[in-house]
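What follows is a short report on a single structure.
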Amino acid sequence: MARYRLLRRVLRRTKRFLLNFLNTSGAHGARYLVHGGLHIVERVVWITCISIALYGMAALAQRIWNRFQNSPTVISMDRNMFLWNTSFPSLTVCSQRRIDDEKLAQYIRMRGFDEDDAEQFREFVILLANVTYSTFLELPMYKTFAIPGYDYMELLHNLSWNIKPEVVIGTAGTLTSRPIVTEFGLCLAVNSRIAEYSSYPYWHGRRWDLLDVPDVLTVHPLDGEVYGQLISLKSAYEVFFHGPMEVADISARRYTFQDLYYTTVELSAQEILTSRNARDLSISQRQCRFSHESDQLTFSPVYSYSLCRIECRMKLANKRCGCVPHFYRAVGKRNFRYRICDFEGLRCLGEQSDELIKLRTAGKDVECNCLPNCDDSHFFVKAHVRTNEF
């Protein structure tokens, strides 16, 4: 009985508080819910109006919150001429000459091949050094001299021709170059900040440590004419233009330059920089990744959009043919690994080449979940002119 009286007292006080709150509230229409002398229809109208207003307020708040979580960044164009420093283009140069003839001849003598086997082995190595997704089907199905797939890259590295072009630039500073492994085989990276992570010695040493980021050449429009020249390449070659924090991707546009010709390429640049405030946001909020945010990747200690797509292509290749090409780093973090393809596996990938290059299957894009780089440079070819023959 005492509990019942206590409950009634609490309910009366609660009712008195609510009535007083609604009568004195500054919220429009709240006092009409308890105002005396109103018809029931009037009360229903006010309840309906207030309910609609509360629902709209909650829906708008939810929408604003979702926008803050998913897209809180603002993209703006900076016109301050004193901040117009732009990264010089990074190049990936792939010579059509990949094998050193002297090294190959010495290896053949060491293996003791007869004349027929020596010629077949020479053809085998040259084809292997130049093969990629679009040419896998051109590989012959003859003997591979008992060389397993996981030794292909070591063999090619030991027999590789060291491409050492002379680099000349029309401004202060230098352009660094580094041999790397790409989806086109062994190539040369120029003015790159992440080239070391794609080099064969770094892979072979099972390294995952982050290195000091090398300086790259930056230029300013007020510096006048800025140019770079590659001289003494001694063979035809292909070039990819990209930012210093990127690598060459097989699906990207590439330009072929013939030997003994002088070719001029004019580029325009677009640089994207992320402010320091955005670094404190989550990845899902800013919808981009910095180079150190590589937790999504298994085979690289740094992140880039192209490296993410390369891993996506590796997963698709393994799904289709049960192996990956020899020009990938097949041993990943925590000793995760893929099998390296032999010639039969490479021909299997060649049959799926269009799907693997475009990362499209059954008319739909493969879900790679690759975010763009937070800091990136894009270069567009404005003119590509072969001017004269030496």
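Among the listed residues 211, 188, 175, 217, identify the single one that is modelled with pLDDT of 90 or more and either open to solvent by less than 50 Å² (accessible area, probe 1.4 Å) or under 20 Å from residue 298 (Cβ atoms) (or both). Before the answer, list the steps.
Working: 211 fails: modelled with pLDDT of 90 or more; 175 fails: modelled with pLDDT of 90 or more; 217 fails: modelled with pLDDT of 90 or more.
One residue alone meets the criteria, 188.
Take the stretch 364-374 and flag every residue that is crowded, with 16+ Cβ neighbours inside 10 Å and not hydrophobic (A, V, I, L, M, F, W, C). Before you say what the answer is, go through the steps one by one.
As a first pass, look at the stretch 364-374 and keep what is crowded, with 16+ Cβ neighbours inside 10 Å: 366, 368, 370-371, 373-374.
Matches in the stretch 364-374: 373 only.
Test residue 202 against the stated conditions and say whether it is of a type in the set (Phe, Trp, Tyr) and in contact (Cβ under 8 Å) with a residue 24 or more places away in the chain. Full working, then the answer.
Working: of a type in the set (Phe, Trp, Tyr): yes; in contact (Cβ under 8 Å) with a residue 24 or more places away in the chain: no.
No; evaluated as a whole, the condition is false for this residue.
Looking at the stretch 195-209 only, could you name the residues that are touching a helix residue (DSSP H, G or I) at 6+ places or on another chain (Cβ under 9 Å) and hydrophobic (A, V, I, L, M, F, W, C)?
Within the stretch 195-209, 203, 208 meet the criteria.
How many of the residues making up the stretch 130-172 are more than 22 Å from residue 111 (Cα to Cα) and modelled with pLDDT under 80?
Pass one, the stretch 130-172, residues more than 22 Å from residue 111 (Cα to Cα): 130-139, 162-172.
Still in the running and modelled with pLDDT under 80: 163-172.
Residues that pass the stated criteria total 10.
Restricting to the stretch 177-199, what's the tally of residues that are of a type outside the set (Lys, Arg), in contact with a Pro (Cβ under 7 Å, 6 or more places away or on another chain) and touching a residue at least 40 places away in the same chain (Cβ under 8 Å)?
Our first condition is that a residue be of a type outside the set (Lys, Arg); within the stretch 177-199, this holds for 177, 179-192, 194-199.
Now drop any that are not in contact with a Pro (Cβ under 7 Å, 6 or more places away or on another chain), which leaves 186, 188, 191-192, 197, 199.
Subsequent filtering for residues that are touching a residue at least 40 places away in the same chain (Cβ under 8 Å) retains 186, 188, 191-192, 197.
So the count comes out to 5.
Can you tell me how many residues in the stretch 322-338 are open to solvent by less than 20 Å² (accessible area, probe 1.4 Å) and either in a loop (DSSP other than H, G, I, E, B) or charged (D, E, K, R) (or both)?
As a first pass, look at the stretch 322-338 and keep what is open to solvent by less than 20 Å² (accessible area, probe 1.4 Å): 323-330, 332.
Okay, now just the ones that are also either in a loop (DSSP other than H, G, I, E, B) or charged (D, E, K, R) (or both), so 323, 325-330, 332.
So the answer is 8.
Consider residue 31 against the criteria (1) at pLDDT 75 or above; (2) assigned to a helix (DSSP H, G or I): it satisfies all of them except one. Which criterion is unmet?
Among (1) at pLDDT 75 or above; (2) assigned to a helix (DSSP H, G or I), the lone unmet condition for residue 31 is (1).
Does the stretch 255-272 contain at least one residue that is under 29 Å from residue 313 (Cα atoms) and open to solvent by less than 20 Å² (accessible area, probe 1.4 Å)?
yes
Which condition breaks for residue 144 when tested against (1) open to solvent by less than 50 Å² (accessible area, probe 1.4 Å); (2) in contact with an Asp or Glu (Cβ under 9 Å, 6 or more places away or on another chain); (3) not in a loop (DSSP other than H, G, I, E, B)?
(3)
Is there any pair with a first residue in the stretch 332-355 that is among the aromatic types (Phe, Trp, Tyr) and a second that is at pLDDT below 90 and open to solvent by 90 Å² or more (accessible area, probe 1.4 Å) whose Cβ atoms are under 8 Å apart and which are 6 or more apart or on different chains, and what are they?
343/141
Examine the stretch 298-321 for a residue that is in a loop (DSSP other than H, G, I, E, B) and exposed (fewer than 14 other Cβ atoms within 10 Å of the Cβ), and state whether such a residue exists. Outline the logic, then answer.
From the stretch 298-321, those in a loop (DSSP other than H, G, I, E, B) are 298-304; that's our starting set.
Now restrict to residues that are exposed (fewer than 14 other Cβ atoms within 10 Å of the Cβ): none.
The answer is no, given that none of the residues of the stretch 298-321 is in a loop (DSSP other than H, G, I, E, B) and exposed (fewer than 14 other Cβ atoms within 10 Å of the Cβ).
Restricting the stretch 273-297 to residues that are of a type outside the set (Val, Ile, Thr) and in a helix (DSSP H, G or I), which is surrounded by the fewest Cβ atoms within 10 Å (Cβ to Cβ)?
Step one: list which residues in the stretch 273-297 are of a type outside the set (Val, Ile, Thr), which gives 273, 275-282, 284-297.
This time we only want the ones that are in a helix (DSSP H, G or I), so: 276-279, 284-286.
Working: 276: 6, 277: 9, 278: 16, 279: 10, 284: 10, 285: 15, 286: 19.
This residue is 276.
Condition check ((1) among the aromatic types (Phe, Trp, Tyr); (2) at positive phi; (3) open to solvent by 90 Å² or more (accessible area, probe 1.4 Å)) across all residues:
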residue	(1), (2), (3)
340	no, no, no
351	no, no, yes
362	no, yes, yes
379	yes, no, no
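Got a sec? Which of 133, 150, 197 is open to solvent by 70 Å² or more (accessible area, probe 1.4 Å), under 29 Å from residue 308 (Cα atoms) and among the aromatic types (Phe, Trp, Tyr)? Step through it out loud before you land on a result.
On the way: 133 fails: open to solvent by 70 Å² or more (accessible area, probe 1.4 Å); 197 fails: open to solvent by 70 Å² or more (accessible area, probe 1.4 Å).
Only one candidate qualifies: 150.
Looking only at the stretch 86-117, how many residues end up being surrounded by 16 or more Cβ atoms within 10 Å (Cβ to Cβ) and assigned to a helix (DSSP H, G or I)?
Counting residues in the stretch 86-117 that are surrounded by 16 or more Cβ atoms within 10 Å (Cβ to Cβ) and assigned to a helix (DSSP H, G or I) gives 3.
The values are calculated or read from the model by the stated rules, or taken from the named source; none is laboratory data. Since we're looking at a predicted model, the values are computed, not measured. Glycine gets a Cβ as well: all are built from the backbone with ideal geometry, and neighbour counts include every protein chain shown. In case anyone asks, the SASA skips ligands and DNA or RNA and just uses the protein heavy atoms, side chains included. Shrake-Rupley method; radii C 1.70, N 1.55, O 1.52, S 1.80 Å.
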